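Report on the structure given below.
The values are calculated or read from the model by the stated rules, or taken from the named source; none is laboratory data. All values derive from a computational prediction rather than experimental measurement. A quick note on method: Cβ atoms are made from the backbone with ideal geometry, for glycine too, and the neighbour counts reach across all protein chains shown.
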Amino acid sequence: MSWRYGTWAVEHPLPVGCSQRVDVGATVRAGDIVASGAIVGDVHVVIGARRLGVAPDDLELVSRVRPVALVWRGTVLARTGRRSARAVTSPIEGRLVHVTAAGDFAIAPPLAPWVVRSTMDGRVVRSDAAAVSVEGRSWALSGIAAYGPDAIGEIALGVDGAGEALAPSRIDVRLRGRIVVGGARMAAEAITRAHACGVAGLVAGAAPAGGLRVVYGDDVDARGGSSFDDQPSVLCLVGFGSAPLPREVFGPLVAFAGARAALHVASARLFVFAQASAAVAATAPMLALADDHGSVRPLEAAPAPAATMRFASEVTCDAVEADGTLVPAPNVLPLDADR
């Protein structure tokens with residue numbers, strides 16, 4: 001996608017065990033916590049209504065705690081009567097995750113706390129157990145794939161030109177908390193060094209598929225996400241291998257240096273929180289494979305139709321002349337075309 005300024009709605013799925021989340025209508029900034037909770041362990045069921053001698057529908061009237069509340073061992077969950085009192089207490093320390101239809105209490109110990117942070121400046125338009133969505137206005141640039149957790153930080157340039165590879169030597173602790181822009185390529189060495197130096201995220205034209213496998217292993221899924229948060233955040237804008245960034249994409253990145261930004265992995269988008277006048281949205285360039293089965297490159301001129309021909313991959317189809325090279329017509333498409 002080319003750079004676009006507009007209104008965007010960003011959805012943040014919530015893990016199981018949410019205990020707190022922001023309300024609909026609240027105003028948040030990128031980086032603010034919109035939900036928190038903890039992954040819980042094995043559930044312990046404590047008999048409630050039957051032990052107290054009340055109907056399950058009346059249990060709420062005598063309960064002392066509500067679902068998602070933290071309880072300690074011996075905490076009174078519910079109590080009836082005065083002289084002949086009956087009480088139900090928690091046998092463990094944990095969280096009251098549920099009250100069953102039969103009137104029993106489900107308690108589970110918390111194992112790993114988690115938080116979800118907004119990747120958009122704006123207003124909360126959805127907040128429930130499944131997700132929190134934030135709507136706001138910003139510049140946005142879509143890539144082909146993203147890996148790791150969401151990232152928030154200021155834009156910093158790690159290369160001098162759009163066709164330059166991001167060198168590990170250009171990355172140090174001075175870039176901690178920044179989203180670093182590379183050029184045509186970011187190798188596994190650059191990704192791991194950036195993560196070790198505390199860099200928030202990396203954005204570049206491409207990354208080698210083998211290098212991504214070295215960094216993320218088998219945690220990389222088919223959509224381009226990672227199942228663990230303790231991983232570097234990476235956004236590939238054009239493809240895999242090596243792909244110089246078109247000037248229509250790299251130019252605004254240079255202009256946005258120092259601006260607040262967020263990398264949203266689920267949508268593979270980079271959001272930049274700058275004024276609409278901070279950059280000019282250019283027409284999306286055309287992209288083509290460097291040859292019949294090579295790396296992606298931007299075209300300097302519009303492709304011209306050519307005759308049907310047979311290519312090295314044994315595919316016969318219409319050809320186009322792209323910057324003096326004949327390539328299959330299906331291998332040429334606008335940067336903002338659906339992939």
- Message: Given the options 16, 28, name the one that is free of Cβ contacts under 8 Å to residues at least 60 places away in the same chain, within 19 Å of residue 126 (Cβ to Cβ) and not polar (S, T, N, Q).
- Response: 16
- Item | Restricting the stretch 60-84 to residues that are over 41 Å from the mean Cα position of the chain (by Cα) and at pLDDT 90 or above, the residue that is surrounded by the fewest Cβ atoms within 10 Å (Cβ to Cβ) | 61
- The residue that is nearest to residue 249 (Cα to Cα), considering only those in the stretch 141-162 that are of a type in the set (Asp, Glu) and part of a loop (DSSP other than H, G, I, E, B), is 160
- List pairs: first in the stretch 311-333 and more than 21 Å from residue 243 (Cα to Cα), second assigned to a helix (DSSP H, G or I) and modelled with pLDDT of 70 or more, Cβ under 9 Å, 6+ apart or cross-chain? 317/329; 318/329; 319/329
- Item | Qualifying residue in the stretch 1-20 (condition: in a loop (DSSP other than H, G, I, E, B) and either modelled with pLDDT of 95 or more or among the acidic types (Asp, Glu) (or both)) | no
- Mind checking which pairs have a first residue in the stretch 67-93 that is within 13 Å of residue 44 (Cα to Cα) and a second that is among the aromatic types (Phe, Trp, Tyr) and surrounded by 13 or more Cβ atoms within 10 Å (Cβ to Cβ), Cβ under 8 Å, 6 or more apart or different chains? 90/105
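In this structure, is residue 51 of a type in the set (D, E, K, R), farther than 30 Å from residue 127 by Cβ, surrounded by 13 or more Cβ atoms within 10 Å (Cβ to Cβ) and touching a helix residue (DSSP H, G or I) at 6+ places or on another chain (Cβ under 8 Å)?
No, not satisfied.
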- Message: Quick check on residue 138: is it closer than 30 Å to residue 30 by Cα, in contact with a Phe, Trp or Tyr (Cβ under 7 Å, 6 or more places away or on another chain), at pLDDT 95 or above and outside any loop (DSSP other than H, G, I, E, B)?
- Response: yes
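If you check residue 29 against the conditions, is it surrounded by 13 or more Cβ atoms within 10 Å (Cβ to Cβ), of a type in the set (Lys, Arg) and modelled with pLDDT of 95 or more?
Yes; evaluated as a whole, the condition is true for this residue.
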- Inside the stretch 199-225, the number of residues satisfying the requirement of being in a loop (DSSP other than H, G, I, E, B) and either surrounded by fewer than 22 Cβ atoms within 10 Å (Cβ to Cβ) or at pLDDT below 65 (or both) is 6
- Which of (1) out of contact with any Gly (no Cβ under 9 Å at 6 or more places or on another chain); (2) outside any strand (DSSP E or B); (3) more than 18 Å from residue 104 (Cβ to Cβ) is the odd one out, the single condition residue 67 does not satisfy? (3)
